[in-house]
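Read through the structure below, which is laid out as structure tokens, and then see the notes.
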Amino acid sequence: MSEPSETAPSSLGFRYLGPLEVQAGGRRLRIGSPRQRVVLAMLLLSSDCVVSVDGLVDAIWGGSPPATGRTQVAICIAALRKLFAAAGYHDVITTVSPGYKLVSDGCRIDGEQFSRLVDEGQAALQQGRTTEASAKLDEALKLWGGPALAGVPSAVVEGKAIRLEETRLAVYEESLALKLELRQHTDLVPELAALVREHPLRERARALLMLAQYRGGRRSEALEIFNDGRRRLVDDLGLEPGPILRDMQAAIYRDDPKLASVRKPVPSVWTRVVPAQLPPSAPLFTGRQAELTALDALLGQRARGGPVPVGVLTGQVGVGKTALAVHWAHGAADHFPDGQLFADLRGWDPDQPASEAAAVLSGFLHALGVPHAEIPARLEERTSLYNSLVDGRKVLIVIDNVRDAAQARPLLPGSGTCCVLLTGRTLPDSHGSVRLHLRPFRTAESSALLRGIIGEERAREDPDSLERLGELCDGMPLALWSAALRLAARTHWSLKDLLSRLEDPDRRLTEISHGIWDVRARIGASYRDLSPRAALALRRLGLLGIRDVTPWMTATLLDCGPAEAEDLMEHLHETGFLEVAAREQDGRRRYRLPSLFAQYARERSRSEAPADAADSMAVRAQYA
């Protein structure tokens, strides 16, 4: 963030542990509209990370955004930038594809202060400095000024606020437990009683109240606290009390001497588990021999004390990244006797939100033998425990559908004896010791896959149609599977029957989009992530009807300079819409627009911007 003006304060203050507020120079800045509050809240909750435009649209309107949703988000961003600029701050929110990022450098964010103080308190506690740990947690809790993100009208933000409140309560309980350890039980009874009244189903709070009552000489009242809690749990949830309450009741019944001084519970002995989470390998796996050999190099890079070997598989939608990753992982499983972990981060899933690292780590830890009840609440603690469990072990971690490096970073182990394989569309910010960009199948590979699905007999009847079918599917494994399965299910169809349907470009996507093989939906998920200018370029390039396209065509279509045209086409290449076809003698690149993507672009033009056609036809005439 740029330096503030001489009259501006030293930092810009954000508060969301309570009502959302922005302060500068001792005065509160007024956030103009509810939508701006939603956008700012989303950026603050993911400070220094990119929040996609689609994520912001979903946070504002849920599943029913207006057609102008992305434009209205841009308007909100502009208004927030203007607000900060007026206070002397000009680079608080930056534009980073596929959305925006709030830069925390030079800002005071109460949520980040809270996390830092809690971390410091936990570190002090681990080193036996109980008094200091208690003071740190108290300082963290004082940052709260009410329900988190109060007044922000968004179901998405409300869900995140609920998780923040759960974190606050967990820290509050830990703070009260430390005070009990410091022999402050008499003063704590009213505070604990109020907490239990407000949250009667929180078993740890109730156990702490029982302990405080017992230490204050009120043994019978402590046992009645247990009985009341049991009635509530049974009536409200149909559950008996958990071990923390049962153990406290039993200890009070027998006047256990250990109740006289609080001790940290002894961790349970975890059963060593060898996870085997890989999904089934794809049937009829075809080709990719060079890529499989390249991935084998990861096995020789493992070393205790060295960096973890990471393989990165990228490529356009439907090119077979997951199939290759899983197939290689099954073949390499014997090299990882301590287990194989798998997670789908859903970075590009059109129907479900992206997986959060904390949730994935929880699954990993449980798969490694940690009981659910003993999985830490905070992401940082889960990461530390995860690294400890896999240290020195030979574990393979396959992380599928990664959107960017930040999404996968907490899941990367620190031990060089492990191995990681990432898949994603582009992942330009992810380092890989082996990095492969998958291309569509060549003719022979497409034909081999089709033969395997429809059977050799039908394939031999019409080899020319078989080859043409592969061409119309652009060599995309997803499209090939979709088309071949449709043919296999209709034994009365010949290859020419399906081919006649696919030859009609207006029907092609519909014919190969069904069930889990919905090619149109997969392409649409990538399209929605494009910037408005890149989407416009794609639509107009699709209308050209020309297979090979150049930056000069894009510059003419959009009436922009050659540098912007080149950047737009590189962006379309990175997101899988364009392939690099060749490099001209003058060094300029020529790109290829696969027919399925071109058809999707034409569909979007008809529904979004019919005026695109006139501009594209004029350019096509120049290159005819």
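Please treat every number below as a calculation from the coordinates, not as lab data. Quick caveat, the model's predicted, so the values are computed rather than measured. Quick reminder, even Gly has a Cβ in these numbers, built from the backbone with ideal geometry, and neighbours come from all protein chains shown.
Distance distribution note for the chain: the fraction of Cα pairs above 38 angstrom is 47%. Straightening the chain between Glu380 and His90 buys 101.3 nm, computed as 0.36 nm per residue apart minus the Cα-Cα spacing. What is the Rg over Rh value, at two decimals, for the range 198-266, using alpha-carbon atoms and the Kirkwood definition of Rh? In the range 198-266, Rg relative to Rh is 0.96.
List the trypsin sites (Lys or Arg not before Pro) in the range 361-467 that DSSP assigns to loop (not H, G, I, E or B) and whose Cβ has at most 12 other Cβ atoms within 10 Å. Which are they?
In loop regions of the range 361-467 (DSSP not H, G, I, E or B), the sparsely surrounded trypsin sites (Lys or Arg not before Pro) are Arg442.
Summed over all non-identical Cα pairs, the Kirkwood treatment of the range 443-516 gives a radius of 11.9 Å. In summary, the lysines within cross-link reach of Lys82, defined as a Cα separation below 17 angstrom excluding same-chain residues under 8 places away, comprise Lys101. Rounded to the nearest 0.05, the FRET efficiency derived from the C-beta distance between Arg528 and Gln289 at R0 = 41 Å is 0.75. Peptide packing: for 486-497, 326-337, the average count of neighbouring Cβ atoms within 10 Å per residue gives the ranking 326-337, 486-497, highest mean first. Got a sec? Which residues in the range 20-57 would a label at Glu158 touch, if it sits 7 Å along Cα→Cβ and we count backbone N under 15 Å? So the set is 38. Amide H contacts of Arg435: Val312, each under 5 Å away and 5 or more positions distant or on a separate chain (H built 1.01 Å from N in the peptide plane; Pro and chain starts excluded).
Counting only alpha carbon atoms, the long axis of helix 34-45 and the longest principal axis of the chain meet at about 80°.
Could you give the length gained by full extension between Ser494 and Ala78, i.e. 0.36 nm per residue of separation minus their alpha carbon distance, to one decimal place? Walk me through the intermediate numbers first.
Details: separation 416, 0.36 × 416 = 149.76 nm, distance 5.69 nm.
Fully extending the segment from Ser494 to Ala78 adds 144.1 nm.
The angle separating the long axis of helix 463-472 from the principal Cα axis of greatest extent in the chain is about 50 degrees. Gap in Å between the Cα centre of the range 509-546 and the Cα centre of the range 281-353? Centre-to-centre distance over Cα atoms comes out at 26 Å. Spin-label pair Val189-Leu237: with each label point 7 Å from Cα along the Cα-Cβ axis, the two points sit 2.7 nm from one another.
Out of all Cα-Cα pairs in the range 287-413, roughly what percent, to the nearest whole number, are more than 26 Å apart? The answer is 23 percent, as a whole percent.
Modelled label positions at Arg219 and Lys394, each set 7 Å beyond Cα in the direction of Cβ, lie 5.8 nm from each other. Working from label points 7 Å from Cα in the Cα-to-Cβ sense, the Arg507 to His437 distance is 3.6 nm. Using the average count of surrounding beta-carbon atoms within 10 Å as a protection proxy, the listed peptides 61-74, 563-576 rank, highest first, as 563-576, 61-74. Straightening the chain between Arg583 and Lys142 buys 152.6 nm, computed as 0.36 nm per residue apart minus the Cα-Cα spacing. The charge dipole of the range 80-195, taken about its Cα centre with unit charges on the Cβ of Lys, Arg, Asp and Glu (plus for the first two, minus for the last two), comes to roughly 420 debye. The fraction of Cα-Cα pairs per 10 angstrom bin, counted from 0 for the range 1-182, comes to 9, 34, 31, 18, 7, 1 percent, rounded to whole percents. Go through the range 168-255 and name the trypsin sites (Lys or Arg not before Pro) that are in a DSSP coil and have 16 or fewer other Cβ atoms within 10 Å of their Cβ. Qualifying residues, ordered by number: Arg183, Arg218, Arg254.
For the chain, the longest principal axis of the alpha carbon atoms and the long axis of helix 69-86 meet at an angle near 60°.
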